[in-house]
Amino acid sequence: MARFLIVEARFYGHLNDMLIDGARNALRDAGHEVDVITVPGALEVPGAIALAAESGQYDGFVAIGVVIRGETYHFEIVAGESARAIMALTMDGIPIGNGILTTENEEQALVRADPAQKNKGGEAAQAAIRLLELREQFA
């Protein structure tokens with residue numbers, strides 16, 4: 001059994017709740033322990049994961065959040081930079097499943113967040129589990 005931390009960018013609460021439910025269920029179904037922390041936005045997720053990874057308290061992580069395109073360039077910065085930073089941490093050997101949705105509108109996000117539909121939270125958790133297994137395999 002491993003211990004996972006879900007790091008949530010709490011901006012769209014109703015969508016995040018579904019993503020977290022999917023991730024939590026996937027992790028628990030696989031026999032793992034789960035904690036959840038909240039940060040203000042998607043740009044803060046990688047920093048929180050880095051701090052938690054340094055603590056040694058967790059074996060893997062799931063990044064959760066929703067970034068919906070708006071009228072400004074801000075969407076591209078948030079979506080791109082959060083994904084880039086998560087990938088950099090993953091390349092350093094930290095098992096992270098990226099469940100930060102980047103969509104054109106709330107309807108797309110709803111379909112992807114809902115555990116009864118696309119269940120992207122659950123998929124992110126499964127990715128984190130698999131990366132942890134690979135890290136242990138290659139250790």
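Only one of the numbered conditions (1) touching a strand residue (DSSP E or B) at 6+ places or on another chain (Cβ under 9 Å); (2) surrounded by fewer than 23 Cβ atoms within 10 Å (Cβ to Cβ); (3) modelled with pLDDT of 95 or more; (4) within 20 Å of residue 112 (Cβ to Cβ) is violated by residue 25, and that is (1). Based on what the data block shows, is residue 72 surrounded by fewer than 18 Cβ atoms within 10 Å (Cβ to Cβ) and of a type in the set (Val, Ile, Thr)? For residue 72, the condition - surrounded by fewer than 18 Cβ atoms within 10 Å (Cβ to Cβ) and of a type in the set (Val, Ile, Thr) - is met.
Mind listing just one residue for me: the one in region 41-68 that is free of Cβ contacts under 8 Å to residues at least 40 places away in the same chain and of a type in the set (Asp, Glu) and, of those, surrounded by the fewest Cβ atoms within 10 Å (Cβ to Cβ)? The qualifying residue surrounded by the fewest Cβ atoms within 10 Å (Cβ to Cβ) is 54. The sole residue among 23, 53 that is in contact with a Gly (Cβ under 8 Å, 6 or more places away or on another chain), within 16 Å of residue 97 (Cβ to Cβ) and of a type in the set (A, V, I, L, M) is 23. Whether a residue is more than 12 Å from the chain's Cα centre (by Cα), open to solvent by 60 Å² or more (accessible area, probe 1.4 Å) and hydroxyl-bearing (Ser, Thr, Tyr) was assessed, and residue 38 does not pass this test.
The values are calculated or read from the model by the stated rules, or taken from the named source; none is laboratory data. Fair warning: this is a prediction, and the values are worked out from it, not measured in the lab. FYI the Cβ positions are ideal-geometry reconstructions off the backbone, even for glycines, and counts take in every protein chain you see. Each accessible area value is taken on the protein alone, full model and side chains, heavy atoms only, with ligands, DNA and RNA left out. Shrake-Rupley method; radii C 1.70, N 1.55, O 1.52, S 1.80 Å.
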